[in-house]
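Working notes, beginning with the structure itself.
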Amino acid sequence: MQRARWLLQRQGFWLTLDPKALATHQQRFAGDDETRLQAFQRAMESGAPTIMTSRGGYGITRYLERLDFERLAASGKKWLGFSDFTAFHLAMLARTGATTWAGPALVSHFDAADPADVDPTTLETLADALSGRLELVGFRGEGAPSGFEAEGTLWGGNLSMVCSLLGTSLFPRIDGGILFLEEVNEHPYRVERLMTQLLHTGVLDRQRAVLLGHFSWKQAEGDRYTMKKVWQWLRTQTPTPLITGLPFGHEPTTLTLPHGAQVGLAVDRRTCYLVLPHDHGQPAPGLFGVDPAGNDQAAHRAWQCWCGQPHEG
């Protein structure tokens, strides 16, 4: 943890550690439930504008109902994390509608002896997101036709955590959203089982698009059932586009995304663009327009955003 802290400080970040950040309890937990609950209170009272998790946050659902989400939202902090912290993002959105930040964790993504070993996209998008400069991200995707466009609430995170809150008061009801998902160390058949749960509960059909991030697992020799086959089958079951390639999850390259915010999505051939909220205004119909000069080079596109300003992609 100290090494990751040192690395981010060398990149211009100012960090303080919670006094209980290094606590352990029953081997798997960073302190008992009361200790972890009190950490949220200390975070609200701190001078730090952003609260970043050190790791994924295993065990957060043990005390999730006890968090005061109205107070947490009113604190004005940027709550940042991924993996099991997905449960916090979902509950905050369900209870308050507030935006939080799905993105890298301190140790998970920045524990490196050499700063050169940290993924530059992860570091740069984190800095841009926290400073308000992040307006547009692009990635190579597959699963939607060129020219596809959508607008909606960006929400989701770790697939297991999303499914774990289904049917509870902490699960947000999002219609017409852009759902993003990732998973780690789960065989494709288990991923298919979880995705089928979202299918049968109507979650997938109610979205405008589903963005699939990193699904990291080690395929056994002779095992022919792949993630690609899961996505192929699911695309025959729902009219919602399932788009692979989002750089998010348990891999070195992880974007920082505004969970619960209104965003735009556009596909230009195999390049997908997410237009994120920024200071110019709020989304409106007619999100994108092609470069009037007719520049078709995928490496350099100009988009007319809902803010009325052109963006380079």
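The values are calculated or read from the model by the stated rules, or taken from the named source; none is laboratory data. Treat the numbers as computed from the prediction; the structure is a model and nothing was measured. Positions of Cβ are backbone-derived with ideal geometry, glycine not excepted, and every protein chain shown enters the neighbour counts.
Which condition from (1) in a loop (DSSP other than H, G, I, E, B); (2) out of contact with any strand residue (DSSP E or B) (no Cβ under 7 Å at 6 or more places or on another chain); (3) of a type outside the set (S, T, N, Q) is the one that Ala39 breaks?
(1)
Would you be able to tell me the number of residues in segment 105-129 that are among the aliphatic types (A, V, I, L, M) and outside any helix (DSSP H, G or I)?
Kept after step one, since they are among the aliphatic types (A, V, I, L, M), are these residues of segment 105-129: 105-107, 112-113, 116, 118, 123, 126-127, 129.
With the extra rule that they be outside any helix (DSSP H, G or I), the set shrinks to 105, 112-113, 118.
Here the count works out to 4.
Suppose we keep only residues that are of a type in the set (A, V, I, L, M) and under 14 Å from Phe180 (Cβ atoms) within segment 254-273. Which one would you say is surrounded by the most Cβ atoms within 10 Å (Cβ to Cβ)?
Residue satisfying both the conditions and the ranking: Leu257.
Is there a residue in segment 168-179 that is buried (at least 17 other Cβ atoms within 10 Å of the Cβ) and in a strand (DSSP E or B)?
Yes, segment 168-179 contains a residue that is buried (at least 17 other Cβ atoms within 10 Å of the Cβ) and in a strand (DSSP E or B).
Could you please tell me which pairs satisfy a Cβ distance under 9 Å, a separation of 6+ or placement on different chains, a first residue in segment 41-54 that is within 19 Å of Val107 (Cβ to Cβ) and in contact (Cβ under 8 Å) with a residue 60 or more places away in the chain, and a second residue that is in a strand (DSSP E or B) and not charged (D, E, K, R)?
Thr50/Trp79; Thr50/Leu80; Thr50/Trp101
Please enumerate the residues belonging to segment 53-80 that are on the phi > 0 side of the Ramachandran plot and under 18 Å from the mean Cα position of the chain (by Cα).
Of all residues in segment 53-80, those on the phi > 0 side of the Ramachandran plot come to 57, 59, 76.
Within segment 53-80, just Gly57 meets the criteria.
Assess whether Thr53 counts as being touching a strand residue (DSSP E or B) at 6+ places or on another chain (Cβ under 6 Å), under 24 Å from Gly97 (Cα atoms) and modelled with pLDDT of 85 or more.
yes
As an exercise: evaluate Met92 against (1) within 19 Å of the chain's Cα centre (by Cα); (2) surrounded by fewer than 20 Cβ atoms within 10 Å (Cβ to Cβ); (3) touching a residue at least 40 places away in the same chain (Cβ under 8 Å) and give the number of the one condition it does not meet.
Condition (2) is where Met92 drops out.
Examine segment 100-119 for a residue that is of a type in the set (Gly, Ala, Ser), surrounded by 21 or more Cβ atoms within 10 Å (Cβ to Cβ) and modelled with pLDDT under 95, and state whether such a residue exists.
The answer is yes, given that some residue of segment 100-119 is of a type in the set (Gly, Ala, Ser), surrounded by 21 or more Cβ atoms within 10 Å (Cβ to Cβ) and modelled with pLDDT under 95.
Given the structure, is Leu136 touching a Leu at 6+ places or on another chain (Cβ under 9 Å) and closer than 25 Å to Arg269 by Cα?
It is true that Leu136 is touching a Leu at 6+ places or on another chain (Cβ under 9 Å) and closer than 25 Å to Arg269 by Cα.
Against the condition basic (Lys, Arg) and either in a strand (DSSP E or B) or surrounded by 13 or more Cβ atoms within 10 Å (Cβ to Cβ) (or both), how does Arg206 come out, does it pass?
yes
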